[in-house]
Amino acid sequence: MTRLLVHVEGETEESFVNEVLAGHLAAYGYAQVAARLLGNARARARRGGIRSWPTVRRDIIGHLREDTASIATMMVDYYGLPRDGDGAWPGRADAPRRRTELQAATVEQALLEDVRDAMGGGFDSQRFVPFVLMHEFEALLFSDCDRFANAIGQGDVADILQAVRAQFATPEEIDDSPETAPSKRIKEIVPGYDKPFMGNLAILEIGLATIRSECRHFDEWLARLEQRASTNSEGT
């Protein structure tokens, strides 16, 4: 049975993987599903936040080489990914020139190619499944604004959250402006919003099925992970 390690950038995503995704994906045949904070985030004074690509790539390649029976994936926000300088993420500078629905895939393909090149000949690229959230984790919470508001004990803000959601075709299109990214909108509507605690309360209330129905790119990622588990199980 295959092991899956999900590289994440913060404690909210770490909790989401361990408390929500692990049980779901275990049902598809993974022997273990665990999150790992990128770049040793737990040792930093200020946890979370995306690291430079060379640092992240080192983590991922190290894992793939150490555990040859594993699959590595990641869950990182498109919003805030470094796009220039030594820490730039492959594909990020080009992505804004693409249509919205292609931006995350542009980065993901570039990441896959970079890791594949670094791993060298003979590497099975099916073992690395990059995933870039559009535009950040908090966008998923807009999949059901009523359940989101009720989960955090603030049902009176449901209509305000829904008014934001109604401006976009899907929650994944809520933009990446420093002023109006999903997390910034939520903090404006919900003073004192506690991202790790409230975010995962809301996710548990909303449920994966609803999120998948509202967020196509997220759904495609989970579908790939489900399929990888089945494929690897058949090969063992």
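The values are calculated or read from the model by the stated rules, or taken from the named source; none is laboratory data. Quantities reported herein were computed from a predicted structural model and do not represent experimental measurements. Counting neighbours? That spans all protein chains shown, and the Cβs are built from the backbone with ideal geometry, glycine included. For accessibility, only protein heavy atoms count, side chains too; no ligands or nucleic acids. Shrake-Rupley method; radii C 1.70, N 1.55, O 1.52, S 1.80 Å.
Being assigned to a loop (DSSP other than H, G, I, E, B), of a type outside the set (S, T, N, Q) and farther than 17 Å from V6 by Cα, is that true of even one residue in the stretch 63-71?
Looking through the stretch 63-71, none of the residues is assigned to a loop (DSSP other than H, G, I, E, B), of a type outside the set (S, T, N, Q) and farther than 17 Å from V6 by Cα.
For (1) of a type outside the set (A, V, I, L, M, F, W, C); (2) more than 21 Å from A22 (Cβ to Cβ); (3) open to solvent by 70 Å² or more (accessible area, probe 1.4 Å); (4) not in a helix (DSSP H, G or I), each residue gets a yes or a no:
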site	(1), (2), (3), (4)
N200	yes, no, no, no
L204	no, no, yes, no
T210	yes, no, no, no
L225	no, no, no, no
A229	no, no, no, no
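Here are A110, A158: which of them is part of a helix (DSSP H, G or I) and touching a Cys at 6+ places or on another chain (Cβ under 8 Å)?
Exactly one of A110, A158 is part of a helix (DSSP H, G or I) and touching a Cys at 6+ places or on another chain (Cβ under 8 Å), namely A158.
Of the conditions (1) in contact with a Lys or Arg (Cβ under 9 Å, 6 or more places away or on another chain); (2) farther than 22 Å from R224 by Cα, A88 clears all except one; give me its number.
Of (1) in contact with a Lys or Arg (Cβ under 9 Å, 6 or more places away or on another chain); (2) farther than 22 Å from R224 by Cα, only one is false for A88: (1).
Which numbered condition in (1) open to solvent by 30 Å² or more (accessible area, probe 1.4 Å); (2) of a type outside the set (A, V, I, L, M, F, W, C); (3) touching an Asp or Glu at 6+ places or on another chain (Cβ under 6 Å); (4) at pLDDT 95 or above is the only one that S143 fails?
Answer for S143: the failing condition is (1).
Restricting attention to the stretch 65-84, does a residue exist that is more than 26 Å from R185 (Cβ to Cβ), at pLDDT below 95, touching a Ser or Thr at 6+ places or on another chain (Cβ under 9 Å) and open to solvent by 20 Å² or more (accessible area, probe 1.4 Å)?
There is at least one residue in the stretch 65-84 that is more than 26 Å from R185 (Cβ to Cβ), at pLDDT below 95, touching a Ser or Thr at 6+ places or on another chain (Cβ under 9 Å) and open to solvent by 20 Å² or more (accessible area, probe 1.4 Å).
From the list F128, F137, exactly one residue is under 17 Å from P54 (Cβ atoms), among the aromatic types (F, W, Y), open to solvent by less than 10 Å² (accessible area, probe 1.4 Å) and within 15 Å of the chain's Cα centre (by Cα). Which is it?
None of the others qualify; the one that does is F128.
List every residue pair whose Cβ atoms lie under 7 Å apart, where the two residues are 6 or more positions apart in sequence or sit on different chains, the first residue falls within the stretch 160-180 and is open to solvent by 80 Å² or more (accessible area, probe 1.4 Å), and the second residue, located anywhere, is not aromatic (F, W, Y).
Hits for this filter: I160/I189; Q162/C145.
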